[in-house]
Amino acid sequence: MKLKEMIFFALALLCLADSIILTFRSSVTLGLFMMYGLTGVLFAYAFFHSKIDAFCSHLPGSALRILFFCGVAFFLFLVGVMTVSSFYRAPTGEEQVVIVLGAGLRGERVSDTLRRRLDRALEYYQEHPGCLLILSGGQGPDEALPEAEAMSRYLQERGVPSEDLLLEDRSTSTQENFAFSLDLMRQRELDEDTPILFVTNRYHCYRAAQYAQKVGFTEVRVLPCSTSLIYLPSAVMREAVAICALWAGLN
């Protein structure tokens with residue numbers, strides 16, 4: 001087996017392993033389907049790269065090759081947008097409202113992605129005791145309870161008093177996270193001009209900030225958290241599609 005074949009075969013196996021793990025450890029998402037699709041493409045190229053390379057050496061294959069690399073370049077641009085945005089709008093330390101965006105459950109327990117968000121919010125809370133934590137997440141069709149309730153249990157088990165927690169348990173999207181959280185803030189005589197800090201994964205910071213501003217928040221800061229390497233590839237691919245949809249005005 002040639003080195004080129006070995007490299008793509010190894011990449012295909014890694015993607016297949018990651019896809020199988022995601023199948024059993026997370027819900028069915030667009031990112032999961034994209035991982036299986038990427039796995040299939042890598043296996044196809046590993047086995048048929050000679051024929052594919054020959055096809056791409058002449059029209060119309062050469063045009064498809066150029067289009068493919070333009071697509072790869074655009075995807076890398078989107079990854080750059082995600083990365084840079086996670087370092088933008090850093091907390092000032094003065095924010096007294098922290099919105100933690102939901103990220104799915106496993107049964108009645110928070111998922112790994114959501115746990116990382118909550119742990120990050122907990123760090124900020126411990127450094128700024130008494131700030132208001134808005135836990136935002138409704139109940140999905142495959143979830144045993146609203147995400148906000150599971151998030152509340154997680155933080156209370158770690159010493160956060162219930163009076164510092166505000167549960168937003170209706171949202172089913174990032175935009176609704178912010179819209180419904182703003183409704184709860186208004187009940188506390190706070191409004192869209194109140195400086196807020198939202199917690200999410202690094203790859204999600206750009207789009208989340210856009211929705212926060214779209215809802216009407218004027219003072220928005222970001223507190224990013226890490227993502228497991230198992231979930232990162234599928235999450236980034238799905239987020240790239242979501243950003244394109246946002247720019248196209250589809251959501």
Output the residue which, of all residues in segment 56-95 that are among the polar types (S, T, N, Q) and in a helix (DSSP H, G or I), is surrounded by the fewest Cβ atoms within 10 Å (Cβ to Cβ).
Ser62
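Of everything in segment 96-107 that's out of contact with any Gly (no Cβ under 6 Å at 6 or more places or on another chain) and not in a strand (DSSP E or B), which residue is farthest from Cys205 (Cα to Cα)?
Start the filter on segment 96-107 by keeping residues that are out of contact with any Gly (no Cβ under 6 Å at 6 or more places or on another chain), which leaves 96-101, 103-107.
Of the ones still in play, those that are also not in a strand (DSSP E or B) are 96, 103-104, 107.
Numbers: Gln96: 19, Ala103: 13, Gly104: 17, Gly107: 26 Å.
Across segment 96-107, the extreme among qualifying residues is Gly107.
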Pairs needed: first member in segment 1-17, in contact (Cβ under 8 Å) with a residue 12 or more places away in the chain; second member anywhere, not aliphatic (A, V, I, L, M); C-beta distance under 6 Å; at least 6 residues apart or different chains.
Phe8/Tyr45; Ala12/Thr39; Ala12/Phe43; Cys15/Thr39; Leu16/Thr39
Can you find even one residue in segment 232-243 that is of a type in the set (Lys, Arg) and touching a Gly at 6+ places or on another chain (Cβ under 6 Å)?
yes
Pairs please, first residue from segment 62-76 and over 19 Å from Ile243 (Cα atoms), second anywhere and loosely packed, with under 11 Cβ neighbours inside 10 Å, Cβ atoms under 9 Å, 6+ apart in sequence or on different chains.
Arg65/Ser57
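In segment 184-195, which residues are in a helix (DSSP H, G or I) and either of a type in the set (Ser, Thr, Tyr) or open to solvent by 60 Å² or more (accessible area, probe 1.4 Å) (or both)? Talk me through it step by step, then tell me what you get.
Here is the first cut: in segment 184-195, the ones in a helix (DSSP H, G or I) are 184-187.
Within segment 184-195, Arg186, Gln187 meet the criteria.
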Report, by residue number, each residue of segment 212-235 that is surrounded by 22 or more Cβ atoms within 10 Å (Cβ to Cβ) and assigned to a helix (DSSP H, G or I).
Ala212, Ser234, Ala235
Within segment 156-175, considering residues that are touching an Asp or Glu at 6+ places or on another chain (Cβ under 9 Å) and of a type in the set (D, E, K, R), the one most open to solvent (accessible area, probe 1.4 Å):
Arg170
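Within segment 108-129, restricting attention to residues that are open to solvent by 40 Å² or more (accessible area, probe 1.4 Å) and over 19 Å from the mean Cα position of the chain (by Cα), which residue is nearest to Tyr206 (Cα to Cα)?
Selected residue: Glu123.
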Listed residues Phe180, Phe198; which is open to solvent by 20 Å² or more (accessible area, probe 1.4 Å), of a type in the set (A, V, I, L, M, F, W, C), under 27 Å from Glu239 (Cα atoms) and not in a loop (DSSP other than H, G, I, E, B)?
Phe180
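Within segment 154-166, how many residues are farther than 21 Å from Arg186 by Cβ and either free of Cβ contacts under 8 Å to residues at least 12 places away in the same chain or not charged (D, E, K, R) (or both)? Full working, then the answer.
Taking segment 154-166 as the starting set, the residues that turn out to be farther than 21 Å from Arg186 by Cβ are 154-161.
Going one step further and asking which of them are either free of Cβ contacts under 8 Å to residues at least 12 places away in the same chain or not charged (D, E, K, R) (or both), we end up with 154-157, 159-161.
Counting residues in segment 154-166 that are farther than 21 Å from Arg186 by Cβ and either free of Cβ contacts under 8 Å to residues at least 12 places away in the same chain or not charged (D, E, K, R) (or both) gives 7.
The values are calculated or read from the model by the stated rules, or taken from the named source; none is laboratory data. It should be emphasised that the depicted structure is a prediction, and the values quoted were computed from it without experimental measurement. Backbone-built Cβ (ideal geometry, glycine too); neighbour counts: all protein chains shown. Protein only, heavy atoms only, side chains kept; ligands, DNA and RNA dropped before computing areas. Shrake-Rupley method; radii C 1.70, N 1.55, O 1.52, S 1.80 Å.
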